[in-house]
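Below: one structure, written as structure tokens.
The values are calculated or read from the model by the stated rules, or taken from the named source; none is laboratory data. A quick note: this is a predicted structure, and the numbers were derived from the prediction, not measured. Here the Cβ positions follow ideal geometry from the backbone for every residue, glycine too, while neighbour counts run over all protein chains shown.
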Amino acid sequence: MQELLALAEGLPRRTLAPGEQLVGDGDIADVLYVLLEGALRIEKAGVAITTVAEPGACIGEMSLLLDIPATTDVVALEASVVAVADDARRRIDEDQVLSLALARMLASRLHLMTTYLADLKNQYAEHEGGLGMVDKVLGSLMRSPTTRTRLASERDPHPEY
């Protein structure tokens, strides 16, 4: 996070009031945000996924790196300030320090998520029904192609997210 804070020095700032939306699901933008102060809520289809409150946290990197529209809503939980990096795709392509900082941040997130999912797999290995499917779901995700996919299930083939 310190790398991203250092990279954010000198960038324009945007101040958000509580409840103000920074990013909307489906937005197409060439902007990368770095949280400097405050707290942001990440939502998917109206469901709170997480809160981002650590200075240096990045917002918008997934849609930029995958070249897809934003996949979540990002709303200020409290008065917040973000650094705004316009022309972000070009910056990512040309700035190795930025690219490496993003890679490290994403690798850290992936490490945390896989550790958590492995723990779930161990906890529910003997369960039947939905919780017992954690192993199958994780295996399927790990074998899926690295190209873009659309999430769905037999129960809900057209989810709102």
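Can you tell me which residues in segment 1-41 are touching a helix residue (DSSP H, G or I) at 6+ places or on another chain (Cβ under 6 Å) and part of a helix (DSSP H, G or I)?
Kept after step one, since they are touching a helix residue (DSSP H, G or I) at 6+ places or on another chain (Cβ under 6 Å), are these residues of segment 1-41: 3-4, 7, 30-32, 34.
Residues satisfying the conditions are Glu3, Leu4, Leu7.
May I ask you to say which residue of Thr115, Thr147 is polar (S, T, N, Q), within 30 Å of Gly56 (Cα to Cα), exposed (fewer than 12 other Cβ atoms within 10 Å of the Cβ) and modelled with pLDDT under 70?
On the way: Thr115 fails: modelled with pLDDT under 70.
Within the list Thr115, Thr147, the selection yields Thr147.
For the list (1) modelled with pLDDT under 80; (2) in a helix (DSSP H, G or I), I need the number of the one condition that Glu128 fails.
Result: Glu128 fails condition (2) only.
For Ser63, which of the numbered conditions (1) among the polar types (S, T, N, Q); (2) under 18 Å from the mean Cα position of the chain (by Cα); (3) at pLDDT 95 or above fails to hold?
The one condition Ser63 does not meet is (3).
For segment 28-50, indicate whether the set of residues that are closer than 18 Å to Leu100 by Cα, surrounded by 17 or more Cβ atoms within 10 Å (Cβ to Cβ) and over 16 Å from the mean Cα position of the chain (by Cα) is non-empty.
Within segment 28-50, not a single residue is closer than 18 Å to Leu100 by Cα, surrounded by 17 or more Cβ atoms within 10 Å (Cβ to Cβ) and over 16 Å from the mean Cα position of the chain (by Cα).
Checking the conditions here, which among Glu154, Glu78 is at pLDDT 80 or above, assigned to a loop (DSSP other than H, G, I, E, B) and either touching a Cys at 6+ places or on another chain (Cβ under 8 Å) or over 20 Å from Leu32 (Cβ atoms) (or both)? Give the derivation first.
On the way: Glu154 fails: at pLDDT 80 or above.
Exactly one of Glu154, Glu78 is at pLDDT 80 or above, assigned to a loop (DSSP other than H, G, I, E, B) and either touching a Cys at 6+ places or on another chain (Cβ under 8 Å) or over 20 Å from Leu32 (Cβ atoms) (or both), namely Glu78.
For segment 84-99, which residues satisfy the criterion of being free of Cβ contacts under 8 Å to residues at least 60 places away in the same chain, more than 17 Å from Leu36 (Cβ to Cβ) and under 17 Å from the mean Cα position of the chain (by Cα)?
Arg89, Ser99 - these are the residues of segment 84-99 that are free of Cβ contacts under 8 Å to residues at least 60 places away in the same chain, more than 17 Å from Leu36 (Cβ to Cβ) and under 17 Å from the mean Cα position of the chain (by Cα).
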